[in-house]
1. Quick one: what are the phi-derived ³J(HN,Hα) couplings along the range 279-285, Karplus 6.51/-1.76/1.60 with θ = phi - 60°, whole Hz, x for glycine and proline?
2. Report the charge-dipole magnitude of the chain in Debye, nearest 20, computed about the Cα centre from +1 at each Lys and Arg Cβ and -1 at each Asp and Glu Cβ.
3. For the chain, what are the DSSP H helices with axial Cα length of 18 Å or more and mean Kyte-Doolittle hydropathy of at least -0.5?
4. Run through the range 62-166 and list the GluC sites (Glu not before Pro) located in a DSSP loop whose Cβ has at most 14 other Cβ atoms within 10 Å.
5. Compare the Cα positions of VAL302, VAL38, ILE260 along the charge dipole of the chain (+1 at Cβ of Lys, Arg; -1 at Cβ of Asp, Glu; about the Cα centre) and return the one farthest towards the positive end.
6. Within the range 241-346, list the chymotrypsin sites (Phe, Trp or Tyr not before Pro) lying in a DSSP loop whose Cβ has at most 11 other Cβ atoms in a 10 Å radius.
7. Between ALA76 and ASP14, what length in nm is gained on full extension when 0.36 nm per residue of separation is reduced by their alpha carbon distance?
8. Sorted by mean Cβ packing within 10 Å, highest first, what order do the peptides 62-69, 33-40 take?
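The values are calculated or read from the model by the stated rules, or taken from the named source; none is laboratory data. Computed from a predicted model, the values in this text were never measured in an experiment. We place every Cβ from the backbone using ideal geometry, glycine too, and count neighbours over all the protein chains shown. The area values use the complete protein model at the heavy-atom level, side chains included, leaving out ligands, DNA and RNA. Shrake-Rupley method; radii C 1.70, N 1.55, O 1.52, S 1.80 Å.
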Amino acid sequence: MTTRAGDAIATLDDSVRLTAGTVEILDRRVFPERVEWVSAHSAEEVADAIRDMVTQSSGPFYAAHAGLTLTAHQVAGLPLDAARERMRQAGVALGEARPTNAHPREAVDRVLTAIAPATSTAELVEAAVSAGEAGLRHYADLSDALARATVALLPDGARIMTHCWMDAYLFAIVRAADQAGRGYDWVVTETRPYLQGARLTAHSLRELGQRVTLITDGMGAAALSPGSTIGRIDALVTAADRVSLDGAVINKVGTLGLAIAASTFEVPYYALVQEPDASAQSAADIVVEQRRTDDVLETLGVRTASPLVSEAWYPAFDVTPARFVTRIVTSRGDFAPERIRDYFAPAQGGRA
């Protein structure tokens, strides 16, 4: 689905395409300077693209579904047991591509569960393709519900700070705000080391006709502080890669510092996730991915650190304790962090 704000179109809302025998993934590492597509001809190549940051945020969810659908078409001529084993192998590759981002595993679980009852290869292929299509529709529906709940917390004219790249959530928020007759100003962090905020978030918001002010990562606390010359920030709003059942938010590294500053300066922090991770009782149950240190010594492939420096540290995510989070916004409404378990309560409608 193409996101529109008025007549504007967001390029990154159509970033994974499945064609005959190929998954095409828009390379976000070079966007918007160049619009290039990475071609993957197997689930393993899709997993490599996810691991190599060709796509991030919601992108791995779309890519994993495309990789599984591609694999289903590729096994159409195999005996059932061989087809099922190949689907399992594809699922392992995709599910392990990014340890903290759970989206590929969600796609894998959905599709592998759907093909389990198949009694023929033809049934397996049909079940896999149908499950993939259903998964994408379900994700879009949950994103829209989450966006409506988010807009309900943000008055017309609010100035919103965001960090990193919310992808589908961002597009859904812009749609929901348009439908509610609301408009926002955005303050966007550059997001080292891949500069997703500067390249993806800010660019997409401008494509959608939004007002955007870009800041460096080190300016966040200053922007949130009272009397900042940027003007009052009304809310800090980020996606969450994962939320544990104790209300901790795992998101792009740098979120923790912004949340602490927001709490100190009494700016609400809203963390967005379709649903909390029912398997994670606490943040300790979630693996925080450690990525290559060269990404700290370089920016977009260009060495920025002194040649004398060889040691660096790059956790891709950080953990924000519940006490620094105002509300966790989900597809079932918004919750106090300490009540996020209520998401799973029967007929729960949020506002816990």
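1. Each residue of the range 279-285 in turn: 8, 10, 5, 8, 4, 5, 8 Hz.
2. Taking the Cα centre of the chain as origin, the dipole is about 640 debye.
3. 59-74, 80-95, 103-115, 121-153
4. Sparse-neighbourhood loop GluC sites (Glu not before Pro): GLU96.
5. ILE260
6. Numbers: sites: PHE265, TYR269, TYR270, TRP313, PHE317, PHE324, PHE335, TYR343, PHE344; in loops: PHE265, TRP313.
Taking the range 241-346 and a limit of 11 other Cβ atoms within 10 Å, the loop chymotrypsin sites (Phe, Trp or Tyr not before Pro) found are TRP313.
7. Working: separation 62, 0.36 × 62 = 22.32 nm, distance 2.72 nm.
That pair, ALA76 and ASP14, stretches by 19.6 nm at full extension.
8. Those peptides, ordered most packed to least, come out 62-69, 33-40.
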